[in-house]
Amino acid sequence: MNRNFKVGVRIFTILLIIIIGGGGSYYLFVTKPEPKKRDRPQPVVNVELLDIQKQNYQIILDSQGTVQPELESQLVAQVSGEIIYMHPQFHDGGFFKNNEILLKIDPRDYELALSDAKTGLADKVLSLVQAEQLSDEVAAKIQQAEAEIEISKQIIIEEEANVEQAKLEWEALGNEGDPSALVLGLPQLERAKATHRSNEANLNLLQLEQQLIQPKVDAAKAAVENQKSLIKKAELDLDRTNLRVPFNGRILQRVATLGQYVNSGSTLATTYSNEVAEIRLPLRTDQLEFIKVPRRSDDDDSFIDLIPIHLYTYFGQTKVEWDARLVRAEGSIDQNTRQLYVIAHIRDPFTTNHPSKRPTKIGMYLNAAIPGKELENVFVVPRRYTFQDREILIFEGGALKRQAIQPLYKSKENIVFQLDSFDQFRISKNLIAFAGDSVKAQELNPLKSATAPEKEATNP
């Protein structure tokens, strides 16, 4: 029992200590003094600023394409034979002038064909002359026969009148009975009628002969015309032994060579005009709003509203430039790329005579800067100083404020927009991600900024 008493005392002591300690802690907690609050100063951000003012902005549309010849043609043989002459420049890249002879095919067979055709024409002309002479002779005989018929008609009329006169005289003399045929002159009348019938028969024969001769005349005329056509064909074939191209140009690819036998229809070379090269430039549908595409004139087939453009590329670190003109647009939007292709022309693209102008090459890839519309009274800000092209940080009253913007146009470097509530403002070059509606800021190196303002490219 004495042992149990000692255990109880110990437990009671532990519980008493716990109660006293907890009560003391609670008393200290509820009676502790309130801490004094101190205002923490808002941090000030150092930023670089850029002055933005309203301006007019010339839109420059970027595009690119490959130089191609405006006019490309296959040099094709139109007659067969051996190539006996080749122009000194008849090689890949060689230059030639309008209608210069590039190749010559052996003409001897075609010269003989032309000579035979001319000889044949002489024979056909002789046959025609003979047929026409015979036709003229028959025609003259027909005229004579017709005249003789008219005369015989008059003789019959006269003889019939004589018969009537003889009857009247017979009756006037009081002769009895009918007069004889001889008294009336009937034999002369019958002879006149017989002559008239003979003349008509002769005319019919002559007209039949004329009908038989006329087809021969027509056939002779057709033979002459056909022979003339053969001569023209022979002359054309002879001329085709000289192969020419109707423009100033260059050889893109040579196929034939000296001494080679070629057949009619064989391709001998591919040529192209060196007076104008063209480049096919794609424009996105959203770019079409900012450009006036050249259109066809109402008066003729020419295009108007041509646009001067700028083409360029780099050879190492050297920028090489060409002037060109946008001359037309294709008739439909490409179904694969959903882009409209416009065509630009480069005049005299392959010249080597101008010391400051470098010739282009077929297949060369060029960049294009195409001037579009001019936007008036707009703000232009480099895109790197915007939040995803949607917001900018405007510095006003010692603080930065987020300002939403609605882009009118975006280039690779700049974004163009309007803010009706501002004529000018300053923006932060530093994009502060945690900036809310108002963050205190101060300009970094204001004196330096004022004396040497940063220049930003405002054109693409």
Working carefully through the options K232, K193, find the one that is in a helix (DSSP H, G or I), under 60 Å from the mean Cα position of the chain (by Cα) and among the basic types (K, R).
K232
Tell me, yes or no, whether region 100-112 has at least one residue that is over 28 Å from F247 (Cα atoms) and either of a type in the set (A, V, I, L, M, F, W, C) or touching a Gly at 6+ places or on another chain (Cβ under 6 Å) (or both).
yes
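Conditions tested, residue by residue: (1) more than 26 Å from L212 (Cβ to Cβ); (2) buried (at least 17 other Cβ atoms within 10 Å of the Cβ); (3) out of contact with any Ser or Thr (no Cβ under 6 Å at 6 or more places or on another chain).
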site	(1), (2), (3)
G81	yes, yes, yes
Q89	yes, no, yes
D92	yes, no, yes
N99	yes, no, yes
K118	yes, no, yes
D123	no, no, yes
A131	no, yes, yes
Q143	no, no, yes
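For (1) under 60 Å from the mean Cα position of the chain (by Cα); (2) modelled with pLDDT of 65 or more, each residue gets a yes or a no:
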position: N4; (1), (2): no, no
position: I11; (1), (2): no, yes
position: L28; (1), (2): no, no
position: K37; (1), (2): no, no
position: V45; (1), (2): yes, yes
position: Q68; (1), (2): yes, yes
So for region 228-245 (the condition being touching a residue at least 40 places away in the same chain (Cβ under 8 Å), β-branched (V, I, T) and under 30 Å from V67 (Cβ atoms)), does at least one residue qualify?
yes
Kindly establish whether L230 is within 30 Å of A269 (Cα to Cα), outside the structural domain of N263 (by TED's automatic domain parsing) and surrounded by 15 or more Cβ atoms within 10 Å (Cβ to Cβ).
yes
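The values are calculated or read from the model by the stated rules, or taken from the named source; none is laboratory data. Every value quoted in this text rests on a predicted model; they were computed, and no experiment measured them. So basically every Cβ, Gly included, is an ideal-geometry build from the backbone, and we count neighbours across all protein chains shown.
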